[in-house]
Structures are given as structure tokens and as C-alpha cells.
Amino acid sequence: TNQRAYNFSAGPAVLPVPVLEEVRDELLCLPGARSSLLEMSHRDKQFVDILHDAENSLRSLLGIGDDHAVLFLQGGAALQFSMIPANLLRGTGKSAAYLQTGTWGKKAIAEAKKEGDVSIAYDASGSNFDHTPGSGDYNVPDDAAYLYYCSNETIQGVQFQSEPPCPGSVPLVCDASSDFLCRPLDMEKYGILYACAQKNAGPAGVTVVVIKRDLLGIGSDKLPGYLNYKNHADNDSEWNTPPTFAIYVLGKVAKWLANDVGGLDAMEQANRTKASLLYDVIDGSGRFYTGHARPESRSIMNVTFTLPNDDLQSKFISTAAEHDLVNLKGHRSVGGIRASIYNAMPLDGVKALAGFMSDFASKNA
Ligand code: PMP
């Protein structure tokens with residue numbers, strides 16, 4: 001581990017070292033099995049137990065009750081852009097409402113339009129996606145198919161501080177890909193909450209979908225089988241072969257959160273502490289660093305900012321790498337710097353980055 005840099009990648013991203021160590025220790029032969037998990041049938045009782053264990057860990061961390069199913073799917077978060085409207089919109093004659101607060105919401109809207117009628121209830125593109133709406137800023141009709149939003153826009157670093165208002169008759173649908181498990185949630189508010197694992201919950205390959213059971217029957221039987229949520233729910237995520245290794249690692253991450261971190265309240269507190277360290281440097285830099293998100297919409301997962309010019313930005317990235325602070329380049333569509341500080345990023349890594357930022361500003365301002 002002494003060769004590991006502090007990895008600020010937006011995803012796939014840093015994982016907890018104790019989880020990686022366990023995976024390493026169990027890789028050749030899973031305790032109690034005569035093989036690696038990688039070689040084991042998904043129908044093997046030992047794997048089925050691992051899958052149920054991962055599900056139960058998520059249920060207890062987030063307080064997910066029996067009226068929601070927890071599904072482990074493939075196709076990434078991107079497939080959910082289509083699966084959600086294919087199940088909840090196609091053929092209903094209704095319209096689905098979307099809050100467009102960043103790149104990922106915009107992509108989801110483009111896919112949803114292929115499935116049915118979509119209305120953009122709120123659009124933050126006019127201010128370069130730097131904020132989330134306030135409660136009176138949009139309207140959703142009572143008969144909308146659902147209200148969709150992305151809780152944390154990974155590229156812009158813009159995060160909803162709490163669930164957006166939604167009529168009681170309308171299912172709330174959330175892409176939580178880059179802030180899943182970063183804080184406690186009231187799961188009763190959600191029709192669907194989904195997240196690809198490779199940012200805050202595990203390796204690439206599995207997408208968690210938490211869905212109210214009363215939404216399972218809306219999709220038509222004529223949908224391609226994989227796209228119908230009901231097939232996955234009826235078969236315990238084994239309608240076809242699930243991504244076994246990713247589920248196994250995700251289960252370990254969930255256990256790490258519960259046992260080592262102390263649950264999601266403690267995780268949120270640690271995340272807020274980490275994010276403040278960076279935002280304080282930005283705010284105290286006399287405009288050497290400019291944050292992208294408005295302060296009230298700032299993400300505690302992806303901290304985005306720019307420097308006075310492109311040359312300084314390149315120098316920042318290369319000098320940071322010399323200090324073992326890597327993957328800080330912002331997304332190509334917005335430029336600048338992005339420090340992703342997911343759950344598994346240690347406080348020491350963020351302290352090292354904050355110290356580097358202060359030092360770099362004082363030498364280059
Ligand atoms: N939604 C959000 C918020 C994301 O950050 C990403 C990945 N960067 C996606 C969706 C797409 O995820 P995937 O690549 O797993 O399809």
C-alpha cells in the first residue's frame with residue numbers, strides 16, 4: 001500500500017483499503033469454498049448468501065423497508081436512463097418530469113424522450129449547471145409519470161442538499177450514482193433510487209436499483225426481458241447471471257461502512273469535514289481558485305473549481321501528481337479541476353490536497 005497515491009478519480013474510484021485487503025486475501029480461495037468467488041456459480045448457495053448479505057447490509061444502512069425491492073443490475077447507470085422510462089412511462093399516456101441540473105440529468109432526458117413524453121420542469125443549463133432549484137422554482141403536475149433528478153451531478157459538483165419537493169401522487173426517481181451511501185436518506189420518499197457502484201460503493205459492473213414494489217407491475221410484458229424490473233425482483237436479481245464479483249465487493253464496502261465507519265450519520269459527518277477543508281481553501285484564496293457550484297449547492301463528493309488560466313491549471317495538475325495527488329483533472333466538458341472525495345478517500349488525503357492547494361496558491365498567485 002505504500003505505493004498508493006491519493007486518488008481523486010471521479011470513478012471508478014478509491015476503495016477502502018481494508019476491503020481491498022480482504023478481497024486480496026480471499027481471491028484464490030473463498031473461505032469455506034474450494035474455489036475463488038470468480039469461479040463460482042451464481043446459483044451456488046455460498047454466492048446466493050453473499051448476494052443476500054449485500055442486500056441486507058444496504059437495507060440496514062439506509063433503512064430500506066420491505067415495500068422496496070433491492071436489485072443488482074448491469075448496464076451501468078446509463079441503462080437506467082432508458083429502463084426507468086421504459087417501465088414507468090412507455091405506453092402510459094403520461095408525461096415524466098425532469099429536473100435538469102447537470103450533464104447526467106441531460107443525458108437521462110435524451111434517453112427518456114425515446115420512450116415517451118418528457119417535460120423539463122427545471123433547467124439550470126442557462127447558468128452553466130451551477131445550482132439546484134429552490135422549492136418554489138418548479139411545478140410538477142399531480143399526474144406526472146414520475147419526477148426524476150440527479151442528486152449529485154458528478155461533472156459539475158452540484159448536489160441537492162435534500163430531496164426536491166414532489167407531489168405525493170408522483171413517484172420520485174433519483175440518480176444517486178455519485179453520492180450513494182454518502183449520507184442517510186429517508187427511503188420512504190423514493191419510488192426509485194439507483195446508483196452505479198463504481199464511485200462510492202464498489203467496483204464497476206453492478207448498479208443498485210432500489211424500487212418501490214408497487215412500481216414493478218407498470219412495465220409491459222412486451223418489454224425486453226432484461227429491461228423489465230419485475231423479472232429481476234421476482235428472481236432475486238438472478239433472472240440472468242448477475243455481476244458476482246462486483247456484488248461481493250459492494251457487500252464488503254457496505255460492511256465497512258457499518259462496522260468501521262459507524263454508519264451513514266458518521267459517514268456524512270466525515271464527508272462534510274473533508275469537503276469543508278477544500279471549500280475553505282477555495283473561499284480563502286482571494287479568487288485564485290473559483291468554485292463552480294454556488295455555495296448552497298456545493299457537493300460534498302465532487303469539488304469543482306478553476307484557476308486563473310489554463311497554464312496554471314496544467315501546472316496545478318502536474319505538480320499535484322508529483323505530490324502523489326492524482327486524477328484531479330476536471331471533466332473534459334467543463335475543464336478546470338475536480339477533486340472527487342468519496343467515502344473511501346481518507347481525511348489525510350484531503351488534508352494533503354488542501355495543504356497543496358494553499359501552497360500552490362501562495363507560490364503562483
Ligand atoms: N449518473 C451519474 C451521476 C454519473 O456520475 C455517471 C457516471 N459518471 C453515470 C450516471 C453513468 O454511469 P455508467 O457509466 O455506470 O453508465
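The values are calculated or read from the model by the stated rules, or taken from the named source; none is laboratory data. Model, not experiment: these values are computed from the prediction. A quick note on method: Cβ atoms are made from the backbone with ideal geometry, for glycine too, and the neighbour counts reach across all protein chains shown.
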List the residue pairs whose Cβ atoms are under 8 Å apart, where the first residue sits in segment 79-93 and is in the same structural domain as residue 217 (by TED's automatic domain parsing) and in contact (Cβ under 8 Å) with a residue 40 or more places away in the chain, the second is of a type in the set (S, T, N, Q) and within 16 Å of the ligand (Cβ to nearest atom), and the two are 6 or more positions apart or on different chains. 79/207; 80/207
For residue 90, are the conditions met, namely being more than 16 Å from the ligand (Cβ to nearest atom), modelled with pLDDT of 95 or more and surrounded by 15 or more Cβ atoms within 10 Å (Cβ to Cβ)? yes
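Suppose we filter 165, 141, 184 for residues that are surrounded by fewer than 24 Cβ atoms within 10 Å (Cβ to Cβ), in contact with a Ser or Thr (Cβ under 7 Å, 6 or more places away or on another chain) and modelled with pLDDT of 95 or more; which single one remains?
On the way: 141 fails: in contact with a Ser or Thr (Cβ under 7 Å, 6 or more places away or on another chain); 184 fails: in contact with a Ser or Thr (Cβ under 7 Å, 6 or more places away or on another chain).
When all the criteria are applied, what remains is 165.
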Pairs only if they're at least six apart or on different chains, beta carbon under 8 angstrom, first in segment 139-153 and farther than 18 Å from residue 195 by Cα, second among the basic types (Lys, Arg); list them, first residue then second. 143/94; 144/94; 145/94
From 78, 110, 69, grab the single residue that is assigned to a strand (DSSP E or B) and at pLDDT 95 or above. 69
How many residues are within 22 Å of residue 365 (Cα to Cα) and assigned to a loop (DSSP other than H, G, I, E, B) if we restrict to segment 294-318? 3
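Results for (1) within 16 Å of the ligand (Cβ to nearest atom); (2) outside any loop (DSSP other than H, G, I, E, B); (3) among the basic types (Lys, Arg); (4) buried (at least 16 other Cβ atoms within 10 Å of the Cβ), shown as yes or no for each residue.
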position	(1), (2), (3), (4)
3	no, no, no, no
9	yes, no, no, yes
14	yes, no, no, yes
19	no, yes, no, yes
24	no, yes, yes, no
29	no, no, no, no
34	no, no, yes, no
48	no, yes, no, no
51	no, yes, no, yes
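Would you confirm, using the coordinates I've provided, whether residue 62 is touching a helix residue (DSSP H, G or I) at 6+ places or on another chain (Cβ under 7 Å) and either within 16 Å of the ligand (Cβ to nearest atom) or among the hydroxyl-bearing types (Ser, Thr, Tyr) (or both)?
Details: touching a helix residue (DSSP H, G or I) at 6+ places or on another chain (Cβ under 7 Å): yes; either within 16 Å of the ligand (Cβ to nearest atom) or among the hydroxyl-bearing types (Ser, Thr, Tyr) (or both): no.
Here the answer is no, as residue 62 does not meet what is asked.
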